[in-house]
Amino acid sequence: MITSHRTKLNCLNFCTRSDIQLSKISDGNPKESSPFINNTDNDRGTLYDGKNMALFEEEMDSNPMVSSLLSKLANYTNLTQGVREHEEADEEEGAKKQTQSPQMGTFIGVYLPCLQNILGVILFLRMTWIVGTAGILEAFIIVAMCCSCTMLTAISMSAIATNGVVPAGGSYYMISRSLGPEFGGAVGLCFYLGTTFAGAMYILGTIEILLTYIVPSAAIFKAEDKAYEAEAMLNNMRVYGTCCLTLMALVVFVGVKYVNKLALVFLACVVLSILAIYAGVIKTIFEPPVFPVCLLGNRTLKNHGFDKCAKTDIIDNVTVTTKLWSLFCDSPELNSTCNEYFTLNNVTEIPGIPGLTSGVISAENMWSSYGPAGMLVEKAIDAMEASETTRDVNLPYVVNDIATFFTLLVGIYFPSVTGIMAGSNRSGDLRDAQRSIPIGTILAIATTTIIYLSCVVLFGACIDGVVLRDKFGDSVRGNLVIGTLSWPSPWVIVIGSFFSCCGAGLQSLTGAPRLLQAIARDGIVPFLEVRFHTSSQFPLVFSGWFKCRLKIPVCRVFGHGKANGEPTWALLLTAGICETGILIASLDAVAPILSMFFLMCYLFVNLACALQTLLRTPNWRPRFKYYHWALSFLGMSLCLALMFISSWYYALVAMLIAGCIYKYIEYRGAEKEWGDGIRGISLNAARYALIRLEEAPPHTKNWRPQLLVLLNLDSELRVKHPRLLSFTTQLKAGKGLTIVGSVLEGTYLTKDSETAMATERTKGFCHVVVSSNLRDGISHLIQSAGLGGMKHNSVLMAWPGSWKQSNDPLSWKNFIETVRETTAAHQALLVAKNVDSFPHQERLGEGTIDVWWIVHDGGMLMLLPFLLRQHKVWRKCKMRIFTVAQMDDNSIQMKKDLQMFLYHLRLDAEVEVVEMHDSDISAFTYEKTLVMEQRSQMLKQMQLSRTEREREAQLIHDKNTASHAALNDKADATPDRVHMTWTKEKLFTERNRNREPNTNMVHTLNQSNVRRMHTAVKLNEVVVNKSQGAQLVLLNMPGPPKNRGGDENYMEFLEVLLEGLNRVLLVRGGGREVITIYS
């Protein structure tokens, strides 16, 4: 028995713990912890027992005391689990961890990481080639532009980073919290792609150093013909690059701690390599290194297949040919046939490293030397030209492997200045992030800028131009060109650059998955979220009667990984994308791709800073003060210019990718409110537009229906007529304002003020008013809804169909008062009858929208069908306009005039003029009027109880039906089928004869009511005859009587007018023209 109970308790505890753990991520959107107001869920059990602050004890549930607030702020962190926590989880799982306060300063925490990330593969492998190809002047411009771009970005980044805590994600976090989730997600994913392709670039650099300078014999693919050497090299890069990527991914998967432990080694390699370069430059002043370059005429030769730079040699007083002779001649004999250019020109040998004082800087290296692929690398000296050059491609000349031009070099060089975000990504490990990030980042950029600019000048001053343009060092016996300048040995640079590239690749494979993890945990990109299937549950049964269910996650796991938080799935995705870069196999082709993504990221960092500065948001209080919006805009413009300078088509592709991600997040992403700058722009633009709209009343050409939709809610706060919202959406072809309003009866403190429009896909604003009665609430809505020029000009409501059956006269009295108030407010009124039968989203087939234009209302009846036909539901319906001609009207001329009017209005519609001649008032009209007045008088005078009132109303209805049937029978019996006309005397005689015995009222018919009823009956007959099959009937709505005593009669008139029609929209104009014939 005890065991059974223990089993039950253990399962209960297990389920509780599982639910608690899963609830943290069950929605895919983990909440950011905050010590501020309304975050008391964790402290619910703690009650306030003090007496000193008893006056404020009611506020303790929502507002914390200052003492507890400060205590929470001291321990507050919003950082995701970092690398240090992952290491601790790997080293001692389950052991109690001790929290250490961050101790890293500016130098170790920001300066050195930025230095390590900025200095890298491009400096060692491509810098000399860029200087030689572009010349010192243009190379200086390239470096200055790129470094200026990153410096301006660093200033903007420093302002953003010192405006609060920057958690994991670095630039993504800064952009998303400044520009919103759409921009943040788009740029964050682009930055992730850039970091991933950077990993591919570093791996390709590693393999290039390995196969070109360290172990050339390790190549798997070897070309027999020189024309296929480049293709063989690319295949070698693909094979070795894939193997290297796999190895690095395994290292990162096993544990980031190994990468961190090797970080200092990689940094030391970078620093030693830089020092070796400067030491070598100084040494060239006294003793230049010996790296001879062999020239044939003015053409540079690859120094691989021969040992002596000469055509012939004298051995034992005998002239013999050298290996170089065999490369250009068909036999080693002196009388053999040789290449024409070889025959015409002599072979000379020049120093590859003339030294700092040689003057080569002004003689040859100052100007650019661009050319197509296959162009020979030539020195600026005189030479004899050969007439035949077809065999030159197969000879051992140094040639351009790719076409070179200024914009290409910009794209290749820019990755060498990236890495400025390394310090901001480590903000959680810094002792004083607000101080360290700006100082460390800006100093690192300044240092690297000085290094790059000095290298441009020193390389151009120390190395000969033909060697600088020799990308792979073929003219100096396959040595790394920058290595030939270093001291004490070229291997210092080779080994240092190899390990530097390895370290940078590992850092990219470490940082990119964490960036993707940070984006996934924010929950703004749906396909990266982690969701849980509530239906996919596995029961755990204990003792046959107690069940425990666990929730199993689906496969969207990019936000999570191993038990210690390592992003395993994100690492796999990163490795897969990185492999695509490696399959490109060319460092020169991959570099411009990642340049685009980094430049886009930097562009939005500058934009974020500029927007926050210009908007002057109250929360924009960065500790870094040396920024200005003009600098941010300059940096943004420079980033955009560099994108299109580097590669306009890559720039367009990157923008297209970012735009697609933006629209995807906007359409499918989670709703987030981060107080971003885009929302601030919207608020400022809205304020400016509202002020402009108030300057003058809108012109008729700009008029569009701005609707206040009055919705009725049932007792459960559900919408009674949801199709009213569908009709609103269909009317919104004019892109006007929509305010959905509703009134809840009660007090403001006790009622819930929420409603939903999403199910009907209605875009607009919701305005719920809580009032003591419905009449006042509707009045408040009509008067106060909207703001400035964005106030409603039309009111849309449903016809109170059950007003006769209602026991409460307020149901129709409120309707009539609403009609009066809209008229007084000069607002249009639209009343939809049988609104529940209106179409939802289904498209109507062939049909008509009939407009009955009785009185001129400013053109509302003309404009509304046009707007409806812009929507897909009503698009196939044709428009018909009917107007009524009186006795003295010329119906033919009326039709012509109406057709011309519609032509000028640019409206396509059929026109028909209906003649309604003056006729005697029918018996049916008198009967309807009599019944209406009798019912109204009885309800007023007798004050019947609820049950009696229902019985009396039914009795009057039955009598009315019987009288109507009898009159119809008599009318059918007449040969000419005309209505029987009554005199007043006949009417009173008939009424007195049929009067009930208990009725002793003396009633005289109101002639005004008789005339109104006559109009309603006759017009209803005509409308039903012409438009009973129409999809929608639009009709002028008559105004209510000035005397409030006839309100109930007004409802009867409208009921008779609409009898027999399905979908009707009563329209009452607002007293102004809404449509014009002028352009």
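The values are calculated or read from the model by the stated rules, or taken from the named source; none is laboratory data. Here the structure is a predicted model, which is why all the values come from computation and not from measurement. Cβ coordinates were reconstructed from backbone atoms using ideal geometry, including for glycine residues, and neighbour counts include every protein chain displayed. These area figures cover heavy atoms from the full protein model, side chains too; ligands, DNA and RNA do not enter into them. Shrake-Rupley method; radii C 1.70, N 1.55, O 1.52, S 1.80 Å.
Using a cut-off of 27 Å between Cα atoms, the listed pairs Lys791/Lys1018; Lys872/Lys1018; Lys663/Lys878; Lys804/Lys878; Lys763/Lys833 include Lys791/Lys1018; Lys872/Lys1018; Lys663/Lys878; Lys804/Lys878 as exceeding that distance. Residues Cys338, Cys766, ordered by accessible area of protein heavy atoms at a 1.4 angstrom probe radius and largest first, appear as Cys766, Cys338.
From most to least packed by mean Cβ count within 10 Å, the peptides 297-303, 265-271, 138-144, 176-182 give 176-182, 297-303, 138-144, 265-271. In terms of packing, defined here as the mean over residues of other Cβ atoms within 10 angstrom, the peptides 893-902, 836-845 line up highest first as 893-902, 836-845. Using the Cβ of Gly120 as centre and a radius below 14 Å, the other residues enclosed give a net charge of 0, where K and R count +1 and D and E count -1. A protection proxy built from the mean count of other Cβ atoms within 10 Å ranks the segments 1059-1070, 311-322, most packed first, as 1059-1070, 311-322. Each residue was assigned an accessible area with a 1.4 Å probe, and for Glu694 the value is about 120 Å². Put simply, region 562-667 fits an ellipsoid with semi-axes of 30, 21, 14 Å; these come from the alpha carbon gyration tensor as the roots of five times its eigenvalues, largest first. Using the Cβ of Pro415 as centre and a radius below 14 Å, the other residues enclosed give a net charge of 0, where K and R count +1 and D and E count -1. Within the set of other residues whose C-beta is less than 10 Å from the C-beta of Arg875, count the net charge using Lys and Arg as +1 and Asp and Glu as -1. Charge balance near Arg875 sits at +4. Heavy atoms of the protein chains alone define the surface here; on that basis region 336-482 has 39 Å² accessible area per residue at 1.4 Å probe size.
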